[in-house]
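Note sheet for the following structure.
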Amino acid sequence: MARLHNFSAGPAVLPLSVVEALRDNLLDLNGSGVGLMEISHRSKTFQAVVDSAEARVRRVLNVPADYKVLFLQGGASLQFYMSALNLLRPGEAADFLVTGVWSQKAIKEAKRIGDARAIWDDAPNNFTRVPQNGEYTVRDEAVYLHYTSNNTIYGTEFHHQPDSAGKPLVADLSSDIAGVPANVSEHAMIYAGAQKNLGPSGLTLVLLSPWAMSRIPSGLPAMLDYAVHAKDGSMYNTPNCVGIYVLDQVLGWMEDNGGMPAMIARNRKKADTLYAELDRTGFWRPHARPDSRSVMNVTWRLPSEELENAFVKEAKAATLDGLKGHRSVGGIRASLYNALGQESVDALVSFMTDFERRNG
Ligand SMILES: Cc1ncc(COP(=O)(O)O)c(C=O)c1O
């Protein structure tokens, strides 16, 4: 079986050992005699999986004991609305750093609840960077500041925790959670779709501080109420059992391979390898400004669309898959999530060197 080098932005490459464990447990979950997709989510066997997943989330991401860990559905996209519904009241203000399409969608949903405002917005430059502290002012009346830590489409990323002027921080960490340093205890709420660094699509990790839990109004529809999900241990309704199993395995793989410090170092090295090639010659045209370059998603253009199409096509023939950029930026995007090995980046860079020699 030939698995390609998978640079997809998400769903994305998973550790091979995790996919193999999934294959085996689809038939028989942990020796129970019942397959993972066939077992009751109320069974002791599956409860042990959920407990393990939560414990690993807490250990790997250093989640404070008084935070809630939830496994929800509806993607990060549901959290755009659900976070505002739970944390904001009609008439109240929330501020947003708008660094891409996902922040735009987050603010659009929050506006359904309250006075959500972009206090920094790079749309006029097609999102080539994130703001530095001091470039925006958080309103006095803002209840929280929302930001998107990594902009999957543009390949830009915060390399600092945004200054929130003392206000609670709410963050969408979908595309760099568990791949770069993040201080959970300094966030009021974090949410992330699992399908990049944590597992398959259809599962969303939500972390909530005591402050966030204290904000939840009573009487919300049950499925949109964090308090309901927290009280029932993410089992108010039937959860994404396969997703939770895979997330647990992925975090186990991380722990077996040095945890966050090792992932951070590996990811830094992969990104440095690729950016060095992008900076070697003017043939490549990186999208992100150097101070905002993402470690997880690297984006660049070529001198013409014809060359970009040829690049993607020839790369695929050379076993390098998933490199076509998002349509709003065009060009090329290479996603370098935790499970992508250095050897995949080395293969990409040697393909690029050869492509540039032939076409530059
Ligand atoms: C940063 C970010 N936020 C939100 C989303 C939307 O996630 P979902 O498709 O899980 O709703 C994505 C999807 O790629 C993303 O990259």
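Points worth noting:
- Yes/no for ASP163 being within 22 Å of the chain's Cα centre (by Cα), without any contact (Cβ under 8 Å) to a residue 40 or more places away in the chain and not assigned by TED's automatic domain parsing to the domain that holds SER328: yes
- The set of residues in segment 20-36 that are of a type in the set (Gly, Ala, Ser) and free of Cβ contacts under 8 Å to residues at least 40 places away in the same chain comprises GLY31, SER32, GLY33, GLY35.
- Entry remark, segment 201-257: residues being assigned to a loop (DSSP other than H, G, I, E, B), within 21 Å of ARG58 (Cβ to Cβ) and open to solvent by 50 Å² or more (accessible area, probe 1.4 Å) number 3 in total.
- In segment 64-80, the residues that are on the phi > 0 side of the Ramachandran plot and in the same structural domain as GLU54 (by TED's automatic domain parsing) form no Cβ pair under 6 Å with any partner that is basic (Lys, Arg) and open to solvent by 20 Å² or more (accessible area, probe 1.4 Å), whether six or more places apart or across chains.
- For segment 89-98, the count of residues that are small (Gly, Ala, Ser), within 9 Å of the ligand (Cβ to nearest atom) and over 22 Å from MET223 (Cβ atoms) is zero.
- Lone unmet requirement of (1) more than 21 Å from the chain's Cα centre (by Cα); (2) in contact (Cβ under 8 Å) with a residue 24 or more places away in the chain for ASP232: (2)
- The residues on offer are ALA12, ALA21, ALA65, ALA55, and the sole one that is of a type in the set (A, V, I, L, M) and open to solvent by 60 Å² or more (accessible area, probe 1.4 Å) is ALA65.
- Residue within segment 73-80 that is more than 12 Å from the ligand (Cβ to nearest atom) and modelled with pLDDT of 95 or more present: no
- Evaluation of LEU278 against the conditions (1) without any contact (Cβ under 8 Å) to a residue 40 or more places away in the chain; (2) of a type outside the set (Phe, Trp, Tyr); (3) surrounded by fewer than 18 Cβ atoms within 10 Å (Cβ to Cβ); (4) more than 30 Å from LEU85 (Cβ to Cβ) shows that the sole unmet condition is (3).
Each row is one residue, and each column tells you yes or no for (1) within 16 Å of the ligand (Cβ to nearest atom); (2) of a type in the set (Ser, Thr, Tyr); (3) free of Cβ contacts under 8 Å to residues at least 12 places away in the same chain; (4) within 28 Å of GLY331 (Cβ to Cβ).
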site	(1), (2), (3), (4)
GLY134	no, no, no, no
VAL138	no, no, no, no
VAL143	no, no, no, no
ASN151	yes, no, no, yes
SER174	yes, yes, no, yes
GLU186	no, no, no, no
ALA192	yes, no, no, yes
GLN195	yes, no, no, yes
GLY202	yes, no, no, no
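- Yes/no for ALA310 being closer than 14 Å to ASN6 by Cα, assigned by TED's automatic domain parsing to the domain that holds ASP279 and of a type in the set (A, V, I, L, M): no
- Out of TYR144, TYR81, sole residue that is assigned to a strand (DSSP E or B), in contact with a helix residue (DSSP H, G or I) (Cβ under 8 Å, 6 or more places away or on another chain) and either farther than 23 Å from ASN338 by Cα or open to solvent by less than 10 Å² (accessible area, probe 1.4 Å) (or both): TYR144
- Pair list, Cβ under 7 Å, 6 or more apart: segment 37-62 residue farther than 17 Å from SER185 by Cβ, other residue loosely packed, with under 13 Cβ neighbours inside 10 Å: HIS41/THR238; PHE46/SER40
- Within segment 338-360, being open to solvent by 10 Å² or more (accessible area, probe 1.4 Å) and either touching a Cys at 6+ places or on another chain (Cβ under 6 Å) or among the aliphatic types (A, V, I, L, M) (or both) holds for ALA339, ALA347, VAL349.
- For the residues TRP120, TRP102, the requirement of being hydrophobic (A, V, I, L, M, F, W, C) and open to solvent by 60 Å² or more (accessible area, probe 1.4 Å) singles out TRP102.
- Applying the set (1) part of a helix (DSSP H, G or I); (2) without any contact (Cβ under 8 Å) to a residue 60 or more places away in the chain to PRO90 leaves exactly one unmet item: (1).
- Of all residues in segment 287-337 being within 21 Å of the chain's Cα centre (by Cα) and of a type in the set (Asp, Glu), the one that is surrounded by the fewest Cβ atoms within 10 Å (Cβ to Cβ): ASP291
The values are calculated or read from the model by the stated rules, or taken from the named source; none is laboratory data. Owing to the predicted nature of the structure, the values given are computational and were not obtained by experimental measurement. Glycine also receives a Cβ, built like all others from the backbone with ideal geometry; neighbour counts cover every protein chain displayed. For accessibility, only protein heavy atoms count, side chains too; no ligands or nucleic acids. Shrake-Rupley method; radii C 1.70, N 1.55, O 1.52, S 1.80 Å.
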